[in-house]
Amino acid sequence: MKTCNIKTPLGIASIHGDQNGVAAITIGEIGEITNDIPEVLLAAVSQLHDYFNGTRTHFDFKMNPKGTEFQQKVWNSLLQIPYGTTISYMEQAKQLGDVKAIRAVASANGKNPLWIVVPCHRVVGTNGTLTGYAGGLWRKK
């Protein structure tokens, strides 16, 4: 598994992946910036820079997040949320076919290992308020 850290407007993004794809992207306050980006992470780094520069709204580098079958289903549904829009956890649960699964859907969103790229930040509370984000609500906003 290769790792690199890049500076973003939200903090230091830590990107982890290998030849099978990027497995995780998290953003925090600490981390030494990587000068020599591993080849398997170059596309992700380039596309994240484009996204934060406002020239990209969709990611197409190879992704390989680890999770249960249900989590994978939830994360794949997040990829269907158009750039610049939001949905509620309830709407996402309905789209996945089980309104009663709202808590499980919210929990799977919270375990999304590909921050920014798999847009769990586009899911809000039923009343439109920002709720829950592992990186802090200020980043979700």
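Estimate the FRET efficiency between ILE37 and LYS66 by the formula 1/(1 + (r/R0)^6), using the beta-carbon distance for r and 22 Å for R0, to the nearest 0.05.
Computed FRET efficiency for ILE37 and LYS66 comes out at 0.50.
Evaluate the relative contact order of the chain (contact order divided by residue number), counting alpha-carbon pairs under 8 angstrom at least 6 apart; express in whole percent.
In percent, rounded to a whole number, it is 21.
Given labels modelled 7 Å from the Cα in the Cβ direction, how far is it in nm from HIS58 to LYS2?
It works out to 2.6 nm between the two label points.
Give the long-range amide H neighbours of LYS2: residues separated by 5 or more places, or on another chain, with amide H under 5 Å away, using H modelled in the peptide plane at 1.01 Å from N.
GLY17, ASP18
When all C-alpha to C-alpha distances in the range 2-52 are sorted into bins of 10 Å, what percent of pairs does each bin hold, rounded to whole numbers?
With a bin width of 10 Å, the distribution comes to 28, 62, 10.
Please compare each pair in LYS66/LYS100; LYS7/LYS73; LYS2/LYS73; LYS7/LYS111; LYS62/LYS111 to a cut-off of 28 Å on the Cα-Cα distance and tell me which ones are over it. If you can, show how the numbers build up before the last one.
Working: LYS66/LYS100 24 Å; LYS7/LYS73 30 Å; LYS2/LYS73 26 Å; LYS7/LYS111 23 Å; LYS62/LYS111 19 Å.
In this structure, LYS7/LYS73 exceed 28 Å between Cα atoms.
Rule-based calculations on the coordinates, nothing more; no lab input. It should be emphasised that the depicted structure is a prediction, and the values quoted were computed from it without experimental measurement. FYI the Cβ positions are ideal-geometry reconstructions off the backbone, even for glycines, and counts take in every protein chain you see.
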